[in-house]
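Derivation of every value follows stated rules applied to the coordinates shown; laboratory data play no part. Bear in mind the structure is a predicted one, so any value in this text is a computation, not a measurement. Don't worry about glycine lacking a Cβ; one is built from the backbone with ideal geometry, like all the others, and counts go over all protein chains shown.
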Amino acid sequence: MQAILVGFMGSGKTTIGSLLAQQLRTQHYDLDDLIVQQAGRSITEIFAQSGEEYFRHLEQQTLSQALTNKGILSTGGGTPTIAPNAAVLKASSTPVIWLTAKDQTILERVTQDQSRPLVNDLDQNSLLQLKQKRETLYAAVADLTITTDYLTPLQIVQKIQEWL
Ligand code: S3P
């Protein structure tokens, strides 16, 4: 991979990853999409039928396979929170970029979308507690941090390109 994007749900990993790949004329991979393709089920179905632990198992397998590809990888919000994944991300020579946003921005972005099991299962306070708890884990794997609240997707991508 040429770059890996991490961050909480709603931080813009998929949007930015796809735009960055377009600008760099390379392939974009979304870890959730790869998991869905391999499992033949949606993320919601995997969580509902097999549970989060099984989803994390698929996520770990898919991450190590995906890292050998060339391009930009957008991870899932929980990817770096699993110790073996954090270790793989830290050990990899690929730059890891953490996209952050304020609580309010995240809530505005995620509550419109029904496709995230954790958003459907948690109330707003618990979701924000999870966000806070995960921030040190994102920080631990990140080589670059970008606060996305007041930037357009293109401005974020330009910042990444300048840094890469
Ligand atoms: C998750 C985030 C989701 C997806 C799954 C679990 C998480 O990805 O992997 O629903 O634990 O934060 P996005 O961050 O792309 O929404």
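Mind listing which trypsin sites (Lys or Arg not before Pro) in the stretch 1-59 are in a DSSP loop and have 12 or fewer other Cβ atoms within 10 Å? Walk me through the numbers on the way to the answer.
On the way: sites: LYS13, ARG25, ARG41, ARG56; in loops: ARG25, ARG41.
Here the trypsin sites (Lys or Arg not before Pro) that fit, given the DSSP loop and packing criteria, are ARG25.
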24 Å Cα cut-off, lysine pairs counted over the chain (separation 8 or more, or different chains): 15
Most mobile of ALA139, ALA91, ALA101 in a GNM of the chain (Cα contacts under 10 Å): ALA91
Isotropic mean projected area of the C-alpha convex hull, the chain (nm²): 8.7
Whole-angstrom gap from the stretch 7-42 to the stretch 58-117, using each part's C-alpha centre: 9
